[in-house]
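Trainee: Can you read through this structure? Questions will come right after.
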Amino acid sequence: MKLHWSPRSPYVRKALLAAHECGVADQIERRRTPVAMSTSNADLLSDNPLNKIPTLVLDDGLVIFDSYALCEYFDGLAGGNKIIPAHAKDRILAQRFHALGHGLIDNLILAR
């Protein structure tokens, strides 16, 4: 699998942390992909119409984007219930914490 990434992206760092926690980080080929809000990256745009990172391209061509979706995918590769709880109520709480963290990152990026 190929990951479009940048070391400056907090969303990429979150996804890579999940990959390490799930023990799948060594399966990921990292492709450094510069992105900017004002211009498109043609290489990334062909994989993700939103032109955002992280974007993961699987070996079969399936593309996954959004850091939480990548976290869920990595958790599934690890057998599940490693970083995403299986129990419904716990899973909802984890999603809520994700949304809170995601919102805080969004606000910090806007403030910067």
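Trainee: Give the residue that is nearest to the chain's Cα centre (by Cα), with candidates limited to residues of the stretch 44-65 that are under 12 Å from Trp5 (Cα atoms) and open to solvent by 30 Å² or more (accessible area, probe 1.4 Å). Can you show your working first?
Mentor: So the first thing to find is which residues in the stretch 44-65 are under 12 Å from Trp5 (Cα atoms), and the list is 44, 51-57, 65.
Next, from what is left, pick out any that are open to solvent by 30 Å² or more (accessible area, probe 1.4 Å): 52, 65.
Values: Lys52: 10, Phe65: 6 Å.
Taking the candidates together, the pick is Phe65.
Trainee: Could you list, ordered by first residue, the pairs with Cβ atoms under 6 Å in which the first is in the stretch 15-34 and free of Cβ contacts under 8 Å to residues at least 40 places away in the same chain and outside any helix (DSSP H, G or I) and the second is open to solvent by 10 Å² or more (accessible area, probe 1.4 Å) and of a type in the set (Lys, Arg), at least 6 apart or interchain?
Mentor: Listed pairs, sorted by first residue: Glu29/Lys2; Arg31/Lys2.
Trainee: Considering Leu44, Leu70, Leu56, which residue is in contact (Cβ under 8 Å) with a residue 40 or more places away in the chain and assigned to a strand (DSSP E or B)?
Mentor: Sole residue among the options that is in contact (Cβ under 8 Å) with a residue 40 or more places away in the chain and assigned to a strand (DSSP E or B): Leu56.
Trainee: Against the condition of a type in the set (Lys, Arg), at pLDDT below 95 and either under 15 Å from Met1 (Cα atoms) or open to solvent by 70 Å² or more (accessible area, probe 1.4 Å) (or both), how does Lys89 come out, does it pass?
Mentor: no
Trainee: Right, next: I'd like the residue in the stretch 22-43 that is farther than 14 Å from His4 by Cα and hydrophobic (A, V, I, L, M, F, W, C) and, out of all such residues, is most open to solvent (accessible area, probe 1.4 Å).
Mentor: This residue is Met37.
Trainee: Looking at Ala94, Ala99, Ala18, Ala78, can you tell me which residue is surrounded by 10 or more Cβ atoms within 10 Å (Cβ to Cβ) and touching a Phe, Trp or Tyr at 6+ places or on another chain (Cβ under 7 Å)?
Mentor: Values: Ala94 fails: touching a Phe, Trp or Tyr at 6+ places or on another chain (Cβ under 7 Å); Ala99 fails: touching a Phe, Trp or Tyr at 6+ places or on another chain (Cβ under 7 Å); Ala78 fails: touching a Phe, Trp or Tyr at 6+ places or on another chain (Cβ under 7 Å).
The unique qualifying residue is Ala18.
The values are calculated or read from the model by the stated rules, or taken from the named source; none is laboratory data. In this text the structure is predicted, and so the values were computed from the model without any measurement. Methodologically, a virtual Cβ is constructed for each residue, glycine included, from the backbone with ideal geometry; neighbour enumeration extends over all protein chains shown. With ligands, DNA and RNA removed, areas are computed over all heavy atoms of the protein, side chains included. Shrake-Rupley method; radii C 1.70, N 1.55, O 1.52, S 1.80 Å.
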